[in-house]
Amino acid sequence: MEFVTLSNGTKIPQIGFGVWRVDNDTEAPSAVEEALRAGYRHIDTAAVYKNEEGVAKGIAASGVAREEIFLTSKIWNDDIRERRTKEAFAESLERLQTDYMDLCLLHWPVDGIVEAWAALVDLYEEGKIKSIGVSNFKQHHLDQLEEAGLMKPMVNQIELHPQNPQRAFVTSLQEAGIHVEAWSPLMQGKFLEFPLFEELAEKHGKAPSQVVLRWHLQHGHIALPKSVTPARIHENLAVFDFELSADDMAAIDAIATDVRLGPDPDEIDF
């Protein structure tokens, strides 16, 4: 595993295990247990995924100590709008069967983000969260927090992959000391539509998905691949024993279309 260091000195594993659309009862416990046994130490969930209980069961079954795991969850939009961030955080802790989070994020930039962010800052200063950040924020959303005189987020989790690399924004975040996490790092499987990844996989003796994840690592992203298939769970972690050349990276960079697979943060209505 490789790590990046957040602005407050906290170390975060650069490959995390995402559990979006992983069923709470039938998939999450076994998938999280498998991931932790495979060597993952970074689990990314959210209240709206409705699988925090299953994640907790998987952690307990794995035998891996809680303090060895970097655990992330997120405050959902309704709780941000209703100004109940602290209550929602406490509810997530109960579902996750833990007394702290390693990272807590505001899930989307909806009405109430300034008040919600101030609440996260309070929880951070109280020691209930080791690090805090946001998700799906654009620059003008980050500007709102700065204008309110509040602490800078340590992380921004955004849709990020070779088709939508958001290069200028990612560069500005990195220069500001805000680390970038990539959701849908494997383009929701659409990387298979690009022959380039198969070609590079053959060149390096790796799987196409591993080439995509290696691209993320070499750009400094924290990537959160998701799978419930044991072989793929292991495969997605085996990306630290090879390196893409400058030409490989440039070829992948060249496929960018700046087309999102998910919603535009300025247009969400959920």
Roughly how many nanometres apart are two label points built 7 Å out from the Cα toward the Cβ at E68 and E199? 4.2
Using a cut-off of under 20 Å, list every residue of region 195-218 whose amide N is near the label point 7 Å from the Cα of R232 along the Cα-to-beta-carbon line. 195-202, 206-217
Rounded Å value of the spacing that divides the Cα centres of region 149-180 and region 240-267: 14
GluC sites (Glu not before Pro) within region 14-48, DSSP loop, no more than 16 other Cβ atoms inside 10 Å: E27
Which whole-Hz ³J(HN,Hα) couplings does region 173-186 yield from phi under the Karplus relation 6.51 cos²θ - 1.76 cosθ + 1.60, θ = phi - 60°, glycine and proline marked x? 5, 4, 5, 7, x, 9, 6, 9, 9, 9, 9, 6, x, 9
Of every Cα-Cα pair in region 37-79, the percentage lying beyond 13 Å is 55
Hey, could you get me the Stokes-Einstein D for the chain, Kirkwood radius over alpha-carbon pairs, 10 °C and 1.306 mPa s, rounded to whole µm² s⁻¹? 85
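What length, rounded to one decimal in nm, is gained on full extension from E91 through to R21, with 0.36 nm per residue of separation minus their alpha-carbon distance?
On the way: separation 70, 0.36 × 70 = 25.20 nm, distance 1.99 nm.
Result: 23.2 nm gained on full extension.
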Taking every DSSP beta bridge with both residues inside the chain, roughly what % is antiparallel (nearest 5)? 15
Heavy-atom surface of the chain, accessible at 1.4 Å and reported per residue (Å²): 42
Just the Cα atoms of region 70-120: what Rg and Dmax do they give in Å? 10.2, 29
Percent of accessible area on the chain owned by carbon and sulfur, 1.4 Å probe? 48
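State, as an integer percentage, the relative contact order of the chain based on alpha-carbon contacts under 8 Å between residues 6 or more apart.
18
Would you kindly state how much longer the chain becomes between E125 and D266 on full extension, computed as 0.36 nm times their sequence separation minus their alpha carbon distance, in nm to one decimal? Let's see the in-between values first.
Working: separation 141, 0.36 × 141 = 50.76 nm, distance 2.98 nm.
Contour length minus the Cα-Cα distance gives 47.8 nm.
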A38 label point, 7 Å along Cα→Cβ, cut-off 18 Å on backbone N: hits in region 60-75? 60-64, 69-72
Lys pairs under 20 Å by Cα in region 77-219, provided they are eight or more residues apart or on distinct chains: 7
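Filter the chymotrypsin sites (Phe, Trp or Tyr not before Pro) in region 205-248 to those in DSSP coil with at most 15 other Cβ atoms within 10 Å of their Cβ, and list the result. Please report the intermediate quantities before stating the final value.
On the way: sites: W215, F240, F242; in loops: F240, F242.
Here the chymotrypsin sites (Phe, Trp or Tyr not before Pro) that fit, given the DSSP loop and packing criteria, are F240, F242.
The values are calculated or read from the model by the stated rules, or taken from the named source; none is laboratory data. Only a predicted model underlies this, so the values are computations on that prediction, with no experimental measurement involved. Neighbour counts are summed over all protein chains in view; Cβ atoms, including those assigned to glycine, are modelled from backbone coordinates with ideal geometry. Keep in mind that these areas ignore ligands, DNA and RNA; they rest on the heavy atoms of the full protein, side chains included. Shrake-Rupley method; radii C 1.70, N 1.55, O 1.52, S 1.80 Å.
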